Amino acid sequence: TKLFIERKDKNSISNMKMIFENRMLFFDENFKKTDSIFLKNPFVNSLETKNNLMCFATRNKAIQVWDIKRKKNILNIPFKESYPQNLKILEENKIIVASFYDERKVVIFNLNSGKVIKSIFYDEEIPTALDVKNNWLAVGTSKGNYYTYKISGKKITSEQIKKPGLGNAITSIKIGNQTAYLASVGRIFEVPLKVNQKETKKIFKGHSSYI
């Protein structure tokens, strides 16, 4: 059974949400169930929340977008690829960014229409982690490389192209204020987002050698 739990502050409409395969449950601050919604197409994986929005993949090969306050499914985005491995919402730019299992690409969807804005393809490596924040997109791959992109409205331009990261597959990537953080095989590195930025490769955990 698939399960997702998210705790919110006490002033939010629902303090906790849980998703099983075909049900979405809402709870208050006292863990009392306040509502239950049946999902026609069962939840599969890759769930993302951002403020009032939630998106996740369903068994019928669609990305569902929900308005949490209204408890309403507001958009369904069909896809032909394998199921999403990563989903991210950038609400300011009205986009959803997705990567898929064993697919050598990242796809950017319009959050309002569900249409594909851009597909970014990779040679001989698979995107294994991604993050979006402050008009930046950062992608880590199965070969340990990382890429960064600048987002302006719905325009996405390459910034860092195929920079060596950790050598092994990057399993997690997070964007900070001016840098990104890569994680793989017990190591966490700090790396630059911009081309001209000084490379510190500060180590937060593990060793500095490139495997």
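Every number here is computed from the coordinates shown, using simple stated rules; none is lab data. Here the structure is a predicted model, which is why all the values come from computation and not from measurement. Because the Cβ atoms are built from the backbone with ideal geometry, glycine has one as well, and the counts that use them run over all protein chains shown.
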For segment 138-190 versus segment 56-77, the gap between their alpha-carbon centres in whole angstrom
27
17 Å cut-off, amide nitrogen to a point 7 angstrom out along residue 74 Cα→Cβ, residues in segment 115-131
115
Relative contact order of segment 1-153: what whole-number percent is it, with Cα pairs under 8 angstrom and at least 6 residues apart?
11
At a threshold of 8 angstrom on Cα-Cα distance, excluding pairs fewer than six apart, so keeping six or more, what relative contact order does segment 68-193 reach in percent?
15
So for each of 34-40, 96-102 I average, over its residues, the number of other beta carbons within 10 Å; can you give me the resulting order with the highest mean first?
96-102, 34-40
Estimated inter-spin distance, residue 161 and residue 190, nm [label 7 Å along Cα→Cβ]
2.8
At 7 Å along the Cα-to-beta-carbon direction for both residue 112 and residue 174, put a label point, then send me their distance in nm to one decimal.
3.3
